[in-house]
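Written below as structure tokens is the structure these notes are about.
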Amino acid sequence: GTGVIVNVGGKRCGFYRDEEDNIYLVDTTCPHMSCELKWNSQEKSWDCPCHGSRFDYKGNVLEGPSEYSLNSYNEPKNKINPQIM
């Protein structure tokens, strides 16, 4: 799978589709100090360029300093821009 930044309903989200066609949407604002996360394609993680926090594609903390997971969104597929699918 791969991750990209998308706009869903005016909100910046991290979009990831896995090999089984499951879709995961997470808030790409780091809960530590509100920096914008970047997708790390080699590790399949959302990484914070400011302080090094890392999150898996589901939004769970892999490495701190963030102690909190990312907010995730359960959008039905038809609400997501089909051009990114």
**OP:** With a 4.7 Å Cβ cut-off, tell me which Cys residues in the chain come up empty for a partner.
**Re:** 13
Subject >> Evaluated at q = 0.17 Å⁻¹: base-10 log I(q)/I(0), Debye formula over Cα of the chain >> reply: -0.61
Original post:
Dipole magnitude of the chain about its Cα centre, charges +1 at Lys/Arg Cβ and -1 at Asp/Glu Cβ only, in debye to the nearest 20?
Top reply: 320 debye
Original post:
With a sphere of radius 14 Å drawn around the Cβ of residue 32, what net charge do the other residues whose Cβ falls strictly inside it have (Lys, Arg +1; Asp, Glu -1)?
Top reply: -4
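Values quoted throughout were computed directly from the atomic coordinates according to the rules given, and no laboratory measurement underlies them. All values derive from a computational prediction rather than experimental measurement. Glycine also receives a Cβ, built like all others from the backbone with ideal geometry; neighbour counts cover every protein chain displayed.
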